[in-house]
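Worksheet: one structure, shown below.
The values are calculated or read from the model by the stated rules, or taken from the named source; none is laboratory data. Predicted model only: the values in this text are computed from it and were never measured. Positions of Cβ are generated from backbone atoms using ideal geometry, with glycine treated the same way; all protein chains shown enter the neighbour counts. Note: accessible area is taken over every heavy atom of the protein model, side chains too, but ligands, DNA and RNA are not part of it. Shrake-Rupley method; radii C 1.70, N 1.55, O 1.52, S 1.80 Å.
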Amino acid sequence: MAEHNFAIPMAVITLFWLFVGGVVPLFVPKGPNRGVIVTMLVLTAVSCYLFWLIAILAQLNPLFGPALSNDTIWYLQYHWP
Amino acid sequence: MFRGEEMCLVQLFFQTESAHTCINELGLLGLVQFRDLNPGAAAFQRRFVKEVRKCEEMERILRFLEAEITRSNIPVSAAVDSMGVSCPRELLELECKIKKLEEELKEINGNHDVLKRNFIELLEIRSLLKVSTDFFEEAESQLSCSELPSEDSVSIAASSRTLGRRNSSISTNGPQKLAFIAGVIKQDRFPAFEKVLWRLFHENFILRHAEIQDAEQQTEDRRMKKDAFVIFVQGDQVQGKIKKICNGFRANLYPCPNNLHAREEMRMNVHTRIEDLRMVLRRTEEFKVTVLTKAAATIHQWVTKVKKMKAIYYTLNLCNIDITQKLIVAEIWCPVSDLNSVQNALIKGSEQSGYTVSPVLNRIQTQQIPPTFNRTNEFTKGFQTIVDAYGVSNYREINPAPYTIITFPFLFAVMFGDCGHGLILTLLAIWVIKQQEQLSRWKSEFVDVLVGGRFIILLMGLFSIYTGLIYNDCFSKSFSICRSSWRVRHMFQPSGPWSNKTLHAFGHLHLDPEIPGVYSGSPYMFGIDPVWNIASNKLSFLNSYKMKMSVILGVSHMLFGMALSLVNYMHFRNFQNVLLRFVPELVFMLSLFGYLLFLIFFKWTVRLRSETAPSILLIFINMMLFSYQTDDKFLYSGQKALQMFLVLQALLMVPVMLLIKPLLIYRHRVQLQQQAATGNKMGNQIDEVSMGDIFAYQAIHTIEHCLGCISNTASYLRLWALSLAHAELSEVLWRMLLRGTLGCHPGLGSLLLALVFSCFALLTFAVLIVMEGLSAFLHALRLHWIEFQNKFYQGAGFKFTPLSFTSL
């Protein structure tokens, strides 16, 4: 069940950055700095989301796996479920 | 802040008498820039050049006073901000006062030096007396056994002893008239002195010397070691010669009486004189201290006053005085939104000087290009500075600074990418922000740069923590926040090919994602899987990931830049440029590099077998060369047709960019010429730029854009390169330093670990944070300045520099 769960982190993080970039700017108080703060929020949301997305998509369908030393394999066999 | 502010040119008229207060008020406001109305006049031809010179002279005297005050270690009271300005009369008074102070101080210093010299001489005499007493006593004790009557022959015995070895007839001839010379000489000159005397007189003299041990003498005279000497000679000529030699060696000669009684008298005399001089010296110093303390209380105020006056006179030099000598005309640039505050300041200024006629503001239209003004606060000032360092934006052009606030630290963080180092950077920035007041008093250029960039460093640190979490790199170790997606158990039988024997046979083994269960099907939730940190082929995976990431980030950044250029064209109502420059550029970029992005995302999201997966780079190269083989593997159906279409479309954009705009300009000019030929006064348009120039300019722009697309995209690969370098350096430090030491024998190993850890911490800070940080800063800056800004930025404006007293 937890194996094929790609949708949950995708949904959660997308919603989080959508909230930061789309909803929070609506609540920024009016003042001389409003434009700058809104720009900062939107740009942060977009760049951080994109960065996370690239990381997760790159690992979605791996073409090759890690090469481990035999000591590491022996250790992981017993300690990682 | 997104665009430079709208500026207007305003003419000011105010009365000569209220000029000082008005300019003072404007300077306190800090929002106007005076234009030079006398550009042809040289510096010494301006009206108020005398006053400026007077101010400079006063500044010099004040600097001298400040040096004297700090030399005497008197604390200077802190500056009190005075809003008011002094009128010219007050300035004259101040000038007199300061000049008098300077004279007094010079006199005091001169007297002090003279007294000091006398004092030292007296001390020398006293020491000399003491030392020569010893000599004479020693000689007398020897004399007592030889019973010679004359006192002058006190030293004959001494001389007979030294001369005894040689065949000198002096000692056998009874008492001679021996005279002596006493003095003080510097100790390091003494051997040379003795040698010269010896060469000249060949032992016809006796020299006795002793080091002066007087502690007081030494502290007074700056610790120069001195010797007191006494020379016994005979003959007057010889005495003259010796005196000359002593002068040559800068020895001080003193008259020294040869009998004990006279010496005692002299000693008493000298003693009283020393006491007197000591008291006088002390009084002089106290007086000096009083004078300086009185000055120190107000010196800061004076310095600010003089600076303000100088600035005001300098500004007055820029204005025009009209014929009646009663009115001053000035032209200023000021932001349109601040016109009211400027008017209020002028009214206040004229009220302060007591004249009720308020100054007149007259806004004038002009064709000149106004300066660029971006209103910044403490936070945005740093970012605006780094944008302006490349070039100040044109008037009313888009200002890249608000976007730079986030994209610059973000790109830095992509290259720096380590949680632990990011955390250290953030803490450092928080400390600098808290200590900003104290640090700004240090007056060192390096500290100023650090304080000015404190918010930049804070954001860089915060973003680095984020990218470090995604790269899963914290001092070269990985976190395992959720479970790794790779399982080893499934590689063993019965589901996989391995057995215990395989483990013994091979040192390294690859996990195969095709075998079910090995790869869990869903990727690690936040960032790079921690298994890669312990894998030996970590770099194969990370390189492919980071290169693709750099290309994606680069193309997105450049597309953002192009979107900003669209906004610029729309603002300036330049629709021709929208169609003829923006659209072809966008199509070119999207059809080639947008397609590359699409390929990257497509290959990531589609399940492929590793043997048949085509390389994206090869696909791209073949696409550009139109070379398709029959056994090519395609990612999706219709790929060949789509690719050919895209390349053709991109190639079609080149002549669009190259030719259409110059042709339109050509047609426009031909039309104008026809109209002028038919007598229509459409204006005598002289062709400023020839058609050849226009074609050349357009060709350059086209080539620059097309080749620039490729080179700029490749340039973004430095994001990959620097993050790889950082990760590798940090892993080397861990492996070479800490890993070995942590496995050491306990006991002595703990001491070794403490030493090695301090080494590790020092190297981490110096190499990884400072050096790599500066390097990543520089490269992120370059990416902004060149690759991002050449999509939309002109940057040929000049900065608005208002008259502002807060910056003095």
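So which of B:F798, B:F788, B:F777 ends up being open to solvent by less than 20 Å² (accessible area, probe 1.4 Å), aromatic (F, W, Y) and closer than 30 Å to B:T372 by Cα? Walk me through how you get there before you give the answer.
Working: B:F798 fails: open to solvent by less than 20 Å² (accessible area, probe 1.4 Å); B:F777 fails: open to solvent by less than 20 Å² (accessible area, probe 1.4 Å).
Every option except B:F788 fails the conditions.
Mind telling me which of the residues A:L15, A:L41, A:L50 ends up being within 26 Å of B:K538 (Cα to Cα) and either modelled with pLDDT of 90 or more or of a type in the set (A, V, I, L, M) (or both)? I'd like the intermediate steps shown before the answer.
Values: A:L15 fails: within 26 Å of B:K538 (Cα to Cα); A:L41 fails: within 26 Å of B:K538 (Cα to Cα).
Testing whether each residue is within 26 Å of B:K538 (Cα to Cα) and either modelled with pLDDT of 90 or more or of a type in the set (A, V, I, L, M) (or both) leaves just A:L50.
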Boolean, B:L762 is open to solvent by less than 60 Å² (accessible area, probe 1.4 Å) and part of a helix (DSSP H, G or I): no
Failed item in (1) open to solvent by less than 70 Å² (accessible area, probe 1.4 Å); (2) hydroxyl-bearing (S, T, Y); (3) more than 30 Å from B:L92 (Cα to Cα), with B:T272 passing the rest: (1)
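What tally of residues in segment A:48-81 results from selecting those that are over 28 Å from B:S550 (Cβ atoms), within 7 Å of chain B (Cβ to nearest Cβ) and assigned to a helix (DSSP H, G or I)? Talk me through it step by step, then tell me what you get.
Residues of segment A:48-81 that are over 28 Å from B:S550 (Cβ atoms), as a first pass: A:69-81.
Next, from what is left, pick out any that are within 7 Å of chain B (Cβ to nearest Cβ): A:69-70, A:72-74, A:76-77, A:80.
Of the ones still in play, those that are also assigned to a helix (DSSP H, G or I) are A:70, A:72-74, A:76-77.
Residues meeting the conditions: 6.
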Residue in segment B:255-277 that is over 21 Å from B:I181 (Cβ atoms), out of contact with any helix residue (DSSP H, G or I) (no Cβ under 8 Å at 6 or more places or on another chain), modelled with pLDDT under 75 and in a helix (DSSP H, G or I) present: no
Of the criteria (1) within 22 Å of B:V732 (Cβ to Cβ); (2) crowded, with 19+ Cβ neighbours inside 10 Å, which one B:I456 fails: (1)
Residue count for segment A:21-47, restricted to those that are within 21 Å of the chain's Cα centre (by Cα) and within 12 Å of chain B (Cβ to nearest Cβ): 10
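Return the residues of segment B:712-723 that are open to solvent by less than 40 Å² (accessible area, probe 1.4 Å) and either touching a Cys at 6+ places or on another chain (Cβ under 9 Å) or assigned to a helix (DSSP H, G or I) (or both); say none if nothing qualifies. Talk me through it step by step, then tell me what you get.
Start the filter on segment B:712-723 by keeping residues that are open to solvent by less than 40 Å² (accessible area, probe 1.4 Å), which leaves B:712-713, B:715-716, B:719, B:722-723.
B:N712, B:T713, B:S715, B:L719, B:L722, B:S723 - these are the residues of segment B:712-723 that are open to solvent by less than 40 Å² (accessible area, probe 1.4 Å) and either touching a Cys at 6+ places or on another chain (Cβ under 9 Å) or assigned to a helix (DSSP H, G or I) (or both).
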Out of B:M736, B:M771, sole residue that is exposed (fewer than 15 other Cβ atoms within 10 Å of the Cβ) and closer than 25 Å to B:W532 by Cα: B:M736
Pairs with Cβ under 9 Å, 6+ apart, first in segment B:274-291 and hydroxyl-bearing (S, T, Y), second open to solvent by 70 Å² or more (accessible area, probe 1.4 Å) and part of a helix (DSSP H, G or I): B:T284/B:N111
Of residues in segment B:519-551 being of a type in the set (V, I, T) and surrounded by fewer than 22 Cβ atoms within 10 Å (Cβ to Cβ), the one nearest to the other protein chains (Cβ to nearest Cβ): B:I534
Odd one out for B:L579 among (1) touching a Lys or Arg at 6+ places or on another chain (Cβ under 8 Å); (2) free of Cβ contacts under 8 Å to residues at least 60 places away in the same chain; (3) more than 14 Å from chain A (Cβ to nearest Cβ): (1)
Flag if B:M589 is open to solvent by less than 10 Å² (accessible area, probe 1.4 Å), at pLDDT 95 or above and either over 29 Å from B:E6 (Cβ atoms) or not in a helix (DSSP H, G or I) (or both): no
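Take the conditions over 29 Å from B:L733 (Cα atoms) and open to solvent by less than 20 Å² (accessible area, probe 1.4 Å) and apply them to B:I406. Does it pass?
Values: over 29 Å from B:L733 (Cα atoms): yes; open to solvent by less than 20 Å² (accessible area, probe 1.4 Å): yes.
It is true that B:I406 is over 29 Å from B:L733 (Cα atoms) and open to solvent by less than 20 Å² (accessible area, probe 1.4 Å).
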Odd one out for B:R263 among (1) loosely packed, with under 15 Cβ neighbours inside 10 Å; (2) farther than 30 Å from B:F13 by Cβ; (3) not small (G, A, S): (1)
Single residue of segment A:1-16 satisfying the filter (in a helix (DSSP H, G or I) and within 12 Å of chain B (Cβ to nearest Cβ)) that is nearest to B:T467 (Cα to Cα): A:I13
Close pairs from segment B:423-446: first among the hydroxyl-bearing types (S, T, Y), partner surrounded by 15 or more Cβ atoms within 10 Å (Cβ to Cβ) and assigned to a helix (DSSP H, G or I), Cβ under 6 Å, at least 6 apart: B:T426/B:G461; B:T426/B:L462; B:S440/B:V451
Selection within segment B:389-415 - within 18 Å of B:N568 (Cα to Cα) and not aliphatic (A, V, I, L, M): B:G391, B:S393, B:N394, B:Y395, B:R396, B:E397, B:N399, B:P400, B:P402, B:Y403, B:T404
Complete set of residues in segment A:62-81 that are open to solvent by 30 Å² or more (accessible area, probe 1.4 Å), in contact with a Leu (Cβ under 7 Å, 6 or more places away or on another chain) and closer than 29 Å to A:T14 by Cβ: A:L63
Of all residues in segment B:275-311 being under 20 Å from B:R63 (Cβ atoms) and of a type in the set (D, E, K, R), the one that is most open to solvent (accessible area, probe 1.4 Å): B:K294
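Please state which one of B:V606, B:V583 is of a type in the set (V, I, T) and more than 22 Å from B:I710 (Cα to Cα). Don't jump to the end; show me each part of the working.
On the way: B:V583 fails: more than 22 Å from B:I710 (Cα to Cα).
None of the others qualify; the one that does is B:V606.
Can you confirm whether B:T380 is among the hydroxyl-bearing types (S, T, Y) and either without any contact (Cβ under 8 Å) to a residue 40 or more places away in the chain or within 11 Å of another protein chain (Cβ to nearest Cβ) (or both)? So that I can check it myself, show each step before the final result.
On the way: among the hydroxyl-bearing types (S, T, Y): yes; either without any contact (Cβ under 8 Å) to a residue 40 or more places away in the chain or within 11 Å of another protein chain (Cβ to nearest Cβ) (or both): yes.
When the stated conditions are applied, B:T380 passes them.
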Checklist (1) over 25 Å from B:R609 (Cα atoms); (2) exposed (fewer than 15 other Cβ atoms within 10 Å of the Cβ) applied to A:A7, failing item: (1)
Residues of segment B:1-42 that turn out to be within 29 Å of B:H571 (Cα to Cα), among the aliphatic types (A, V, I, L, M) and open to solvent by 20 Å² or more (accessible area, probe 1.4 Å), as a count: 2
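Results for (1) of a type in the set (D, E); (2) in contact with a Phe, Trp or Tyr (Cβ under 6 Å, 6 or more places away or on another chain); (3) free of Cβ contacts under 8 Å to residues at least 40 places away in the same chain, shown as yes or no for each residue.
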position	(1), (2), (3)
B:R718	no, no, no
B:S723	no, no, no
B:E728	yes, no, yes
B:L737	no, yes, yes
